[in-house]
Amino acid sequence: MGARTPDQIDPIETAKELGIEVTFGHLKGATARIFRVGSKARIRVSDDIVKEGRRRTSITHEVGHFALGHELPAEGDPASWFKASCEYRSKRDERDADILAIEHLTPAPMVEPYCCVTPVDLHAVSAIERVFTASPVMSAMRFAELSPEPCAAVYSERGVIKWMKPSRTFPTHLDGGTSLARESIASGFFDRGALTEEPKRLQASAWLGSSKHVDPEHEIIEHAMVIPEPGWGGVLSLLWLPNWTRRAPAEPKHNR
Ligand SMILES: [Zn+2]
């Protein structure tokens, strides 16, 4: 849309540029929704108080459905709602709209310099939040996606990992449903309601168990925050394995 700097990225302007009308008002169950109005479209944005990053993501997600040519529900036609609202669309279409929103709000060429930094911790993530007016979760996921360091954003609730986003050099994957180790900051929050605010050094085994790729005593650094947004409430941990590099595979043995 012609933005050259992060402050020029404005989802409402993007919507208008595409011919979408944007209105504000009461909206049930979502921060933004898009409707078809004749041959045009309208995005209704909730006037509830939410963080600006969340509002921007929601609006751009709806713009994404329009830009990707997804079917839109017609305003005042509840039947169309059951096949073409975000609650009923295919997971694939939802994912595609999310990807478009992420790429539009934090374009890789602009955000990459903020991801190529050390130390890897939430201070680095909050720079992205601030510069791009993005939510903390989106900023952390984008950071992990583009960082060259072995790191990962991990979201957990009630002592259990819900999902993780590894960087391309992070050596392993942590499955959803895995219980947190007691030494982790995230686990401390669920056990005692107290969150250690500084980055914490742990042994890699606390997060990675007995991974075949990482010495269990290698240092892993966790920096964590509670996600206060409605519908979240869990802990986001940013993990980093400083000075870790993948070992070259062992030379095959030759029989002579
Ligand atoms: Zn959607």
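The values are calculated or read from the model by the stated rules, or taken from the named source; none is laboratory data. Remember, it's a predicted structure, so these values are computed and weren't measured experimentally. Cβ coordinates were reconstructed from backbone atoms using ideal geometry, including for glycine residues, and neighbour counts include every protein chain displayed. Accessible surface areas use protein heavy atoms only, side chains included; no ligands, DNA or RNA. Shrake-Rupley method; radii C 1.70, N 1.55, O 1.52, S 1.80 Å.
So which residues in the stretch 46-103 are within 11 Å of the ligand (Cβ to nearest atom), farther than 28 Å from Gly2 by Cα and open to solvent by 70 Å² or more (accessible area, probe 1.4 Å), if there are any at all? Correct list: Glu87, Tyr88, Lys91. In the stretch 202-216, the residues that are of a type outside the set (A, V, I, L, M, F, W, C) form Cβ pairs under 7 Å with partners that are part of a loop (DSSP other than H, G, I, E, B) and open to solvent by less than 20 Å² (accessible area, probe 1.4 Å), at six or more places apart or across chains, as follows: Ser211/Pro171; His213/Pro171. Identify the single condition in (1) open to solvent by 50 Å² or more (accessible area, probe 1.4 Å); (2) touching a Lys or Arg at 6+ places or on another chain (Cβ under 7 Å) that Val111 does not satisfy, given that it satisfies every other one. Failing condition for Val111: (1). When restricted to residues that are within 16 Å of the chain's Cα centre (by Cα) and more than 18 Å from Ile220 (Cα to Cα), the stretch 141-177 contains 8. Here is a check on your reading of the model: is Pro150 buried (at least 21 other Cβ atoms within 10 Å of the Cβ), out of contact with any helix residue (DSSP H, G or I) (no Cβ under 8 Å at 6 or more places or on another chain), more than 27 Å from Ile43 (Cα to Cα) and not hydrophobic (A, V, I, L, M, F, W, C)? For Pro150, the condition - buried (at least 21 other Cβ atoms within 10 Å of the Cβ), out of contact with any helix residue (DSSP H, G or I) (no Cβ under 8 Å at 6 or more places or on another chain), more than 27 Å from Ile43 (Cα to Cα) and not hydrophobic (A, V, I, L, M, F, W, C) - is met. Take the conditions surrounded by 13 or more Cβ atoms within 10 Å (Cβ to Cβ) and without any contact (Cβ under 8 Å) to a residue 60 or more places away in the chain and apply them to His223. Does it pass? Spelling it out, it is not the case that His223 is surrounded by 13 or more Cβ atoms within 10 Å (Cβ to Cβ) and without any contact (Cβ under 8 Å) to a residue 60 or more places away in the chain. Filtered by the rule that a residue be of a type in the set (Lys, Arg) and within 17 Å of Asp77 (Cβ to Cβ), the stretch 10-61 gives Lys28, Arg33, Arg36, Lys40, Arg42, Arg44.
Identify, from the list Ser126, Ser156, Ser139, the residue that is surrounded by fewer than 17 Cβ atoms within 10 Å (Cβ to Cβ) and either away from the ligand (no atom under 16 Å from the Cβ) or outside the structural domain of Ala67 (by TED's automatic domain parsing) (or both).
Ser126
For beta carbons closer than 9 Å, sequence separation of 6+ or different chains, a first residue in the stretch 84-96 that is assigned by TED's automatic domain parsing to the domain that holds Ile34 and a second that is exposed (fewer than 12 other Cβ atoms within 10 Å of the Cβ), the qualifying pairs are Glu87/Gly29; Tyr88/Phe82; Arg89/Lys83.
Scanning the stretch 65-83 for residues that are in a helix (DSSP H, G or I), of a type outside the set (D, E, K, R) and over 14 Å from Ala30 (Cβ atoms) gives Phe66, Ala67, Pro78, Ala79, Ser80, Phe82.
Counting the residues of the stretch 145-171 that are in contact (Cβ under 8 Å) with a residue 60 or more places away in the chain, outside any loop (DSSP other than H, G, I, E, B) and among the basic types (Lys, Arg) gives 1.
Taken over the stretch 104-117, the residue count meeting the criterion of being part of a helix (DSSP H, G or I) and either near the ligand (Cβ under 10 Å from one of its atoms) or β-branched (Val, Ile, Thr) (or both) is 1. Just to be sure before I move on: is Val120 of a type in the set (Val, Ile, Thr), part of a helix (DSSP H, G or I), open to solvent by less than 30 Å² (accessible area, probe 1.4 Å) and away from the ligand (no atom under 15 Å from the Cβ) in the structure I sent? It is false that Val120 is of a type in the set (Val, Ile, Thr), part of a helix (DSSP H, G or I), open to solvent by less than 30 Å² (accessible area, probe 1.4 Å) and away from the ligand (no atom under 15 Å from the Cβ).
For (1) assigned by TED's automatic domain parsing to the domain that holds Leu122; (2) surrounded by 15 or more Cβ atoms within 10 Å (Cβ to Cβ), each residue gets a yes or a no:
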| position | (1), (2) |
| --- | --- |
| His173 | yes, no |
| Arg182 | yes, no |
| Pro199 | yes, yes |
| Leu202 | yes, yes |
| Val235 | yes, yes |
| Arg247 | no, no |
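Of all residues in the stretch 192-204, those being at pLDDT 95 or above and more than 21 Å from the chain's Cα centre (by Cα) number 6.
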